[in-house]
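Shown next, in structure tokens, is the structure this report addresses.
Throughout, read-outs are computed from the coordinates displayed, never taken from laboratory work. Keep in mind that this is a model prediction, so the values were computed, not measured. Reconstructed Cβ throughout: ideal geometry from the backbone, glycine too, with neighbour counts over all protein chains shown.
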């Protein structure tokens, strides 16, 4: 692209943003591939699939893992396409809550923003704590390290610190790391599946991989347990709204952001299926895998198939991918904090919306994001089931936030002015299917995940959801309805004529 053409695109992007009432303050240094890369990195099949694999073995087993991945992936693709359509019309860092405001008004935006914020912060906690467990497993193999909850929490805190430092360095570094992350994930899946296919002398057959059911939850209702097992896939397929949150830092945002969102889902869907099939077919001892001394079932599969040295190498591939994922999620969450503060929705907003004059990065928002993630994962110090609750917090916070703009777009009907990336006549059937799915999984993941229910096994995800909604309501009636302001639209926002680029 010539420098003159690039400058023209930049001007167009800034004109669209100005049309929505915002003065550009973030550096627009991310290209279309970088925008796709951040959502793909946040989805991170080597993070979500691996960290919740043990949960899947307990909650339904291989059959639920594989068929759940296929079914959930399809539903998420439909939801992502619907959300991408709205993103094309409203490419701002505020993302979901800004869309909700324009389509439904400030109260809808307020609720959407707080749900989105809960989900994004829960995602940082889930991703980086999962990475900490894998680091502990690697240390166990290398030095005989005992991954106690206290030690895992210290590793988790160190990872959060690393991601904060990388993010405050600037979006250009974040974009570079995300681009590397795409190839690391794809190559990593290829290497892991190839090793697990070629190394073992014995493999589980297709009958085991696709039909074997296992239930160690203590809950007797098989249908209920099967539904709970969908958490593995639904948690992994979270975070693709990162493309929207980074749209103010992306060139050709009305096309790049929605395309990045949708591509990140279908590429992850295919690659994740291959990874899960390879991992499950390589199980040598089911119970031994579940009760691995490493604390990480995939690590035990690696040990059983390629020995200690090979297991270390494969774990390192997974850990690096998880670190890429957590870094990308920190970027997305901090932009949400920045945008929500810019509109006066968060207490002490003047602090969180500050942007570094050197890097054009919302530094304070980055630190708030990682600090809150640390607090969300703190119950893991005393509860063995807390990690599943953290991942459920991510799902029940962020997934409804995805659906609200889609619902409001459907309610708006012909009053909605689509951007250059849109679904045309398929918008309504795809949208209503997606919204219905979100209602189902939101209720599902607030429910108990094991029986009997005790103080250590309690699923506190629903409590976190209620607490955030109550906090949002209190803040709204005491301050928000007076201070929360989204800028008025300027003259009709520029719609860059890029329809010919749509795939």
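State, to one decimal in nm², a quarter of the convex hull surface area for the C-alpha atoms of region 140-217, i.e. the direction-averaged projected area.
9.3 nm²
Just check region 293-437 against the gyration tensor rule for me: Cα atoms, a ≥ b ≥ c as the square roots of the eigenvalues, rounded for a/c under 1.5, and otherwise prolate or oblate depending on whether a/b exceeds b/c. Could you put the intermediate results ahead of the total?
Values: a/c = 2.12, a/b = 1.40, b/c = 1.51.
In terms of gyration-tensor shape, oblate.
Can you work out the base-10 log of I(q)/I(0) for region 327-398 at q = 0.11 1/Å, using the Debye formula on its C-alpha atoms alone?
-0.33
What are the radius of gyration and Dmax of region 1-158, computed over its Cα atoms and given in Å?
In order Rg, Dmax, the Cα atoms of region 1-158 give 20.5, 59 Å.
What is the distance in Å between the Cα centroid of region 301-360 and that of region 12-45?
First find each Cα centre; the distance between them is then 17 Å.
Stretched out fully, how many nm does the piece from residue 199 to residue 173 gain, at 0.36 nm a residue minus the Cα gap? Intermediate results must be reported in sequence, preceding the final value.
Numbers: separation 26, 0.36 × 26 = 9.36 nm, distance 3.70 nm.
The residue 199-residue 173 span can extend by a further 5.7 nm.
Once a ≥ b ≥ c are taken as the square roots of the eigenvalues of the Cα gyration tensor of region 210-356, is the result rounded (a/c under 1.5), prolate (a/b larger than b/c) or oblate (a/b not larger than b/c)? Write down the numbers at each step before the final one.
Working: a/c = 2.16, a/b = 1.92, b/c = 1.12.
Here region 210-356 falls in the prolate category.
For region 31-484, what is the convex hull volume of the alpha-carbon atoms per residue, in Å³?
Numbers: hull volume 57.9 nm³, N = 454.
Output value, Cα hull per residue: 128 Å³.
For the chain, calculate the relative contact order in percent as a whole number, restricting contacts to Cα pairs under 8 Å that are 6 or more residues apart. All intermediate terms of the calculation are to be shown ahead of the outcome.
Values: 926 pairs, mean separation 165.9, N = 503.
After rounding, I find 33 percent.
If the chain between residue 375 and residue 471 were fully stretched, how many nm would it gain, using 0.36 nm times the residue separation less the Cα-Cα distance? Mind dumping the intermediate values first?
Values: separation 96, 0.36 × 96 = 34.56 nm, distance 1.64 nm.
Full extension of this stretch gives 32.9 nm more.
How would you order 26-32, 204-210, 45-51 from highest to lowest mean count of nearby Cβ atoms within 10 Å? Provide the component values of the computation, followed by the final result.
Numbers: 26-32: 19.7, 204-210: 14.0, 45-51: 28.7.
By packing density, highest mean first, the sequence is 45-51, 26-32, 204-210.
On a 0 to 90 degree scale, rounded to 10, what angle separates helix 297-342 from the longest Cα axis of the chain?
Between the helix axis and the principal axis of the chain, the angle is about 20 degrees.
Using Cβ contacts closer than 10 Å as the measure, can you line up 241, 12 from fewest to most?
On the way: 241 27, 12 19.
Sorted ascending by nearby Cβ count, the order is 12, 241.
Show that you can apply the helix-only estimate: for the chain, add -39,500 (n - 2.57) for every DSSP H stretch of four or more residues, divide by all residues, and state [θ] at 222 nm to the nearest 500. The partial results should precede the final answer.
Working: 21 runs with 347 residues, N = 503.
Calculated mean residue ellipticity at 222 nm is -23000 deg cm²/dmol.
Only Cα pairs under 8 Å and at least 6 apart count here; give the relative contact order of region 47-115 as a rounded whole percent.
On the way: 29 pairs, mean separation 10.3, N = 69.
About 15 percent, as a whole number.
Ranked highest first by average number of other Cβ atoms within 10 Å, how do 266-273, 75-82, 193-200 line up?
Highest to lowest by the protection proxy: 75-82, 266-273, 193-200.
Once both axes come from the Cα atoms, what is the angle between helix 3-19 and the longest principal axis of the chain, in degrees from 0 to 90, rounded to 10?
It works out to around 80 degrees.
If you count, for each residue, the other Cβ atoms within 10 Å and average over each peptide, how do 315-325, 63-73, 228-238, 120-130 line up from highest to lowest? All intermediate terms of the calculation are to be shown ahead of the outcome.
Details: 315-325: 23.5, 63-73: 21.0, 228-238: 27.7, 120-130: 30.5.
Ranked by mean Cβ neighbours within 10 Å, highest first: 120-130, 228-238, 315-325, 63-73.
Using 0.36 nm times the number of residues separating residue 350 and residue 291, minus their current alpha carbon distance, what extension gain do you get?
16.4 nm
For a quick size check, give me the Cα extents of region 437-492 along its three principal axes, largest first, whole Å.
The principal-axis extents, from largest down, are 57, 29, 12 Å.
In nm, give the distance between the simple-model label positions of residue 316 and residue 154, each being 7 Å from the Cα along the Cα-to-Cβ direction.
2.3 nm
Rounded to the nearest 10 degrees, what's the angle between the helix 62-89 long axis and the longest principal axis of the chain, both from Cα atoms, 0 to 90?
The answer is roughly 10 degrees.
What number, in percent, do you get for the relative contact order of region 239-344 if the mean sequence gap of Cα pairs under 8 Å and at least 6 apart is divided by its residue count?
On the way: 52 pairs, mean separation 24.8, N = 106.
RCO, region 239-344: 23 percent.
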